[in-house]
Amino acid sequence: MSKHVAVLMGGWSSEREVSLRSGAACAAALESRGWRVTRIDVARDIAGVLAQVKPDVALNLLHGRPGEDGTIQGILEVLQIPYSHSGVLASALAMQKDTAKLVLAAGGVPVPEGVTVSRGEAAKTHVLPRPYVIKPICEGSSVGVFIVTEQHEHPPQELTRPDWSYGEQVLCERYIVGKELTCAVMGDRALDVIEIVPNVAFYDYEAKYAPGGSRHVLPAEIKPNVYQQIRTLALRAHLALGCRGVSRADFRFDDRQEGVSGLFCLEVNTQPGMTETSLVPEMAAYAGIPFEELVEWMVEDASLNR
């Protein structure tokens, strides 16, 4: 008898819509392979719902909080339901961008220099030489991100808005000009490298998820030594943070620099998108792993104490 899989999606983060799409795509893929699936749009009563549904395994397709920050992982551990992707610590750590950078740097992964300041401070004065990037410490999908260029005399005043919901601390980092590159890790294997070419000035939420918002070049057209270094660093980052299952590391590469010295890891996503336009399914397909097989692998890889 096939296992009963609870597909966790939705939630209440700013990435809810994408999570619903990821969940729907993966649930359909599992059903097509004969799995028994219960789709769960995660709300605050999730512990009670899971206790009632009693799945054999949970496929976590939540993006942002509470699915990506260790919270849902903790609930699943308490309920003793094996789950996909990273465990409590790795999820919480990767989501906390400033702390994650310290661990990545200690693990030999180059990261852009930056500072963590209050949003009030970042709105008051330029805390770094321009151009630089301001981003919330705990959001994904480029939500709440600003690129401050030479043209910006003042920092973004949106940071002071009373309805700002992305936390009191922000991370300010040197802006790395050049290519946007990404590489997924599946288990202990780095997949191939995609270059993301946005059709707008910045690869924001729209460019990520709207059809035609960006172009994906796979394999990325970069020198072989840079290509291999990205794969090496993606796996190194995955291991440094203690990730499990599937993760995806995002990089910037300033190709005006010598060799790989212009290569920096921006962040590691422990719950990367799994929609039809998502990067991980595209890399897996290129490696000869069809979508259904990838989703099935994530379920079969599920465990406790991750």
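Which of the residues that make up the range 70-97 are modelled with pLDDT of 95 or more and either under 13 Å from the mean Cα position of the chain (by Cα) or crowded, with 24+ Cβ neighbours inside 10 Å (or both)?
Of everything in the range 70-97, those that are modelled with pLDDT of 95 or more and either under 13 Å from the mean Cα position of the chain (by Cα) or crowded, with 24+ Cβ neighbours inside 10 Å (or both) turn out to be ILE72, GLN73, LEU76, TYR83, SER84, HIS85, SER86, ALA90, SER91, ALA92, LEU93, ALA94.
Taking the range 265-287 only, how many residues are in a strand (DSSP E or B) and buried (at least 22 other Cβ atoms within 10 Å of the Cβ)?
Adding up the residues that qualify gives 3.
This table checks each residue for (1) assigned by TED's automatic domain parsing to the domain that holds GLU282; (2) more than 28 Å from LEU263 (Cα to Cα).
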position: LEU128; (1), (2): no, no
position: CYS138; (1), (2): no, no
position: VAL148; (1), (2): no, no
position: HIS152; (1), (2): no, no
position: ARG161; (1), (2): no, yes
position: MET186; (1), (2): yes, no
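For the condition in contact (Cβ under 8 Å) with a residue 60 or more places away in the chain, within 21 Å of the chain's Cα centre (by Cα) and part of a helix (DSSP H, G or I), what is the one hit in ALA100, ALA105?
ALA100
Out of all the residues in the range 64-72, is one or more assigned to a strand (DSSP E or B), within 26 Å of LEU181 (Cβ to Cβ) and outside the structural domain of VAL133 (by TED's automatic domain parsing)?
No, there is no match, as no residue in the range 64-72 is assigned to a strand (DSSP E or B), within 26 Å of LEU181 (Cβ to Cβ) and outside the structural domain of VAL133 (by TED's automatic domain parsing).
Give the residues of the range 1-24 that are more than 15 Å from the chain's Cα centre (by Cα), under 18 Å from GLN73 (Cα atoms) and in a helix (DSSP H, G or I), sorted by residue number.
GLY23
If the Cβ limit is 7 Å and pairs must be 6+ apart or interchain, which residue in the range 77-88 that is over 15 Å from ARG248 (Cα atoms) and among the acidic types (Asp, Glu) pairs with which residue that is modelled with pLDDT of 95 or more and part of a loop (DSSP other than H, G, I, E, B)?
As it stands, the answer is GLU77/LEU304, since those pairs meet every condition given.
Kindly indicate whether ALA237 is under 14 Å from PRO110 (Cα atoms) and within 12 Å of the chain's Cα centre (by Cα).
The answer is no for ALA237.
Among the residues of the range 73-92, what is the count of those that are part of a loop (DSSP other than H, G, I, E, B) and among the hydroxyl-bearing types (Ser, Thr, Tyr)?
Total meeting the criteria: 2.
Based on what the data block shows, is ARG256 closer than 27 Å to LEU76 by Cβ and either of a type outside the set (A, V, I, L, M) or at pLDDT 95 or above (or both)?
no
Considering only the range 44-56, I want to know if a residue exists there that is touching a residue at least 12 places away in the same chain (Cβ under 8 Å), assigned to a loop (DSSP other than H, G, I, E, B) and under 21 Å from the mean Cα position of the chain (by Cα).
No, because not a single residue in the range 44-56 is touching a residue at least 12 places away in the same chain (Cβ under 8 Å), assigned to a loop (DSSP other than H, G, I, E, B) and under 21 Å from the mean Cα position of the chain (by Cα).
Among ALA122, ALA29, which is within 27 Å of PHE251 (Cβ to Cβ) and aliphatic (A, V, I, L, M)?
Result: ALA122 is the single residue among ALA122, ALA29 that is within 27 Å of PHE251 (Cβ to Cβ) and aliphatic (A, V, I, L, M).
The values are calculated or read from the model by the stated rules, or taken from the named source; none is laboratory data. As the structure is a computational prediction, the values presented were derived from the model and not from experiment. Here the Cβ is made from the backbone with ideal geometry for all residues, glycine too, and neighbour counts use every protein chain on show.
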